[in-house]
Amino acid sequence: MLFEYFLSFGLFFLSTVAIVALFLVLYALVTPYDDYKLIFEEHNTAAALGFGGAIVGLCIVLHSALVHSVSYFDFLIWAIVAMVIQLLFAFGVTRLKGKLSFEASIVKGDISVGTLMALLSVAIGLLNAGSMSY
């Protein structure tokens, strides 16, 4: 019986890690700038903050999906919905132009905009998580 609990834990934990890994790839594809280059080559703190906030936002929602799901399949469905919502948010906000251009500000390394991006991602994650607590 105890072994079954460990297997269940492993299945859910490894699944969430895989979902986060997939999110890392997809997030970099939906943003109009090269997140990894900005972070790892140019040491752009604004990009790191925005990306980190996106990861935390997703993990908040994944936590909610883990807690509220009634089965593994139910969890997977909500996890995919959560990831899509977070990615749609990132896609939309990084496409704003003019004074509200997150893209230009993050590429430039504007830490205040990177912080705002992070906090908005966390806020969307909280709203996303709250919306699935049926």
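The values are calculated or read from the model by the stated rules, or taken from the named source; none is laboratory data. As the structure is a computational prediction, the values presented were derived from the model and not from experiment. Here Cβ is always computed from backbone atoms with ideal geometry, including for glycine, and neighbour counts include all displayed protein chains.
Worth pointing out:
- Yes/no for THR16 being in contact with a Pro (Cβ under 7 Å, 6 or more places away or on another chain) and not small (Gly, Ala, Ser): no
- Subset of the range 42-60 (residues that are surrounded by 14 or more Cβ atoms within 10 Å (Cβ to Cβ) and of a type outside the set (A, V, I, L, M, F, W, C)): ASN44, THR45, GLY50, GLY52, GLY53, GLY57
- Restricting the range 24-48 to residues that are charged (D, E, K, R) and part of a helix (DSSP H, G or I), the residue that is farthest from ILE80 (Cα to Cα): GLU41
- Residue check, ASP74 under 16 Å from ASP35 (Cα atoms) and acidic (Asp, Glu): no
- Selection within the range 106-134 - over 15 Å from the mean Cα position of the chain (by Cα) and either at pLDDT below 95 or surrounded by fewer than 14 Cβ atoms within 10 Å (Cβ to Cβ) (or both): LYS108, SER112, GLY130, SER131, MET132, SER133, TYR134
- Cβ pairs under 8 Å, 6+ apart, first in the range 70-81 and in contact (Cβ under 8 Å) with a residue 60 or more places away in the chain, second of a type outside the set (Asp, Glu) and surrounded by fewer than 15 Cβ atoms within 10 Å (Cβ to Cβ): TYR72/LEU11
- Among the candidates GLY109, GLY92, GLY52, the residue that is touching a residue at least 40 places away in the same chain (Cβ under 8 Å) and within 27 Å of MET132 (Cα to Cα) is uniquely GLY52.
- Any hit, the range 29-41, residues being within 16 Å of the chain's Cα centre (by Cα), within 18 Å of LEU126 (Cα to Cα), surrounded by 12 or more Cβ atoms within 10 Å (Cβ to Cβ) and touching a residue at least 40 places away in the same chain (Cβ under 8 Å): no
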